[in-house]
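The values are calculated or read from the model by the stated rules, or taken from the named source; none is laboratory data. A quick note: this is a predicted structure, and the numbers were derived from the prediction, not measured. Here Cβ is always computed from backbone atoms with ideal geometry, including for glycine, and neighbour counts include all displayed protein chains. Keep in mind that these areas ignore ligands, DNA and RNA; they rest on the heavy atoms of the full protein, side chains included. Shrake-Rupley method; radii C 1.70, N 1.55, O 1.52, S 1.80 Å.
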Amino acid sequence: LLDANLVDEIFFQIPSLLSHHQVFLEELKKRLDHWDIKQKVGDVFLETLSKPAVIESYTNYVNNWKRARDIIKNAQQSKPAFAKFLENTAREHKGKLALDSLLIKPIQKFPKYELLLQRLIKHTDVAHPDHTLLLSAQREVHDQLLRINCTEREALEIEQLREIEALIDGLIELVVTD
């Protein structure tokens, strides 16, 4: 229905993000399998979510997100079979999110992790060995979230500048010098 390159652009960084979260899940499962009163999880958050590769994957995904949505929109308009496929999929899976709505989910992960860490901190005794790690993890996730959001804002600003430049390029021809 779509050219493989377009599919790759729509799902850009998804395999990488999935891989990072599978590692994260496995580390958490290991902790759960050996759970005791002094068990920690803050270090798993810190080690997994602060890796440069994770942040790079998220940053690249966020920077591509609007393009992915535009590709889907254009493909729906230019390829009736693709539009029909999306309609049929939505009909078959009532109550499920549409493709373009699913694309926002990875962007929402870091804010959800920050909220989860805040709840864990709230319910973890200050004397527990995990308390300090959870605080550090929450700060790290918050800092990474700011970086990711900053990158998203920068990408939007660059896109707006390009639109303005395109308008200006069109207007330059209107000016006549004497």
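Derived value for region 68-115: Kirkwood hydrodynamic radius 12.1 Å. Basis is the mean of 1/r over every pair of different alpha-carbon atoms. Here region 1-144 is treated with +1 on each Lys and Arg Cβ and -1 on each Asp and Glu Cβ, and its dipole about the Cα centre works out to around 560 debye. You can think of it this way: the chain between residue 60 and residue 30 has 7.9 nm of extra reach, that is 0.36 nm per residue less the Cα-Cα gap.
Modelled spin-label separation between residue 139 and residue 47, with each label point placed 7 Å from Cα along the Cα-to-Cβ direction: 2.0 nm. Per-atom-type breakdown for region 36-156 gives carbon and sulfur 55% of the accessible area (1.4 Å probe, protein chains only). Listed here are the pairs 66/122; 51/105; 40/96; 66/96; 30/51; 38/109; which of them are more than 25 Å apart at the Cα? Pairs exceeding 25 Å: 66/122; 40/96; 38/109.
Across region 1-108, the fraction of Cα-Cα pairs farther apart than 21 Å, rounded to a whole number, is 50%. Average accessible surface for region 1-86: 61 Å² per residue, computed with a 1.4 Å probe over protein heavy atoms with every protein chain in place.
Rounded to the nearest 0.05, what FRET efficiency do residue 85 and residue 116 give with R0 = 30 Å and r taken as the Cβ-Cβ distance? Could you check? For R0 = 30 Å, the calculated efficiency reads 0.30. Taking θ as phi - 60° and the Karplus parameters 6.51, -1.76 and 1.60, the scalar couplings of region 24-35 work out to 4, 4, 4, 5, 5, 4, 4, 5, 5, 5, 10, 5 Hz in sequence order, x denoting glycine and proline.
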